[in-house]
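The values are calculated or read from the model by the stated rules, or taken from the named source; none is laboratory data. Computed from a predicted model, the values in this text were never measured in an experiment. Reconstructed Cβ throughout: ideal geometry from the backbone, glycine too, with neighbour counts over all protein chains shown.
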């Protein structure tokens, strides 16, 4: 074997070794890339799972928020209803209290707002309530008005409802008495009671009918009575 052949053979071995090293390096790099891709895929799968979980949580939160909004709306409506019922109850209580305060009273109209009027009302009471044992308290309704054409109505507070009924029934005794010709007497009613009395009979409730009947039978002389427009004070 000559020198050239030996050199060629020696170079071939070196090339093979180099190729083998290069192959191993490429294989190692490929395995490393595969591992990196695998790790990246695992990370992506984890991220996707987390995103899915977040979306589910978001949907659940939206559902709960919607439920909370519905609950809040329902509570608001219930609060409004309770407030309305409370307001109605307070108005009813106020009305009942006002009726209780007025139940023994009568209102006299066109009694002069003077010492002469005080004497006249005592004479009036002697006619319609001759057996009254005590002097009732009295008060004018409304504020004084200078140069008023008519005197303020006079509220007369009687001891009980029986005396009021007697007073209203005995108004017939005033008929024909010149002294009391201009005077009229009405029961002391609240605004609601006045409106109820103005309601047509066929549309009244049973309680309204009973109250109206009681008022009507207690004032047979209608010429001595007027609408109680000034008594709701």
Handout entry: Residue among 131, 126, 105 that alone is touching a strand residue (DSSP E or B) at 6+ places or on another chain (Cβ under 8 Å) and modelled with pLDDT of 90 or more
Key = 105
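Would you confirm whether or not the stretch 83-98 contains a residue that is touching a residue at least 24 places away in the same chain (Cβ under 8 Å) and either farther than 30 Å from residue 183 by Cβ or not in a helix (DSSP H, G or I) (or both)?
Checked against the condition, which is being touching a residue at least 24 places away in the same chain (Cβ under 8 Å) and either farther than 30 Å from residue 183 by Cβ or not in a helix (DSSP H, G or I) (or both), the stretch 83-98 yields no hits at all.
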Practice task
Check whether at least one residue in the stretch 173-185 is over 30 Å from residue 91 (Cα atoms) and part of a strand (DSSP E or B), and report yes or no.
Solution key: yes
Exercise for the section: Examine the stretch 109-116 for a residue that is part of a helix (DSSP H, G or I), in the same structural domain as residue 180 (by TED's automatic domain parsing) and either closer than 30 Å to residue 144 by Cβ or modelled with pLDDT of 85 or more (or both), and state whether such a residue exists. Expected result: yes
Practice task
Would you mention how many residues in the stretch 157-173 are touching a helix residue (DSSP H, G or I) at 6+ places or on another chain (Cβ under 7 Å) and buried (at least 20 other Cβ atoms within 10 Å of the Cβ)?
Solution key: 3
Problem - Among the candidates 150, 140, residue that is in contact (Cβ under 8 Å) with a residue 12 or more places away in the chain, under 21 Å from residue 190 (Cβ atoms), in the same structural domain as residue 191 (by TED's automatic domain parsing) and under 42 Å from the mean Cα position of the chain (by Cα) - result: 140
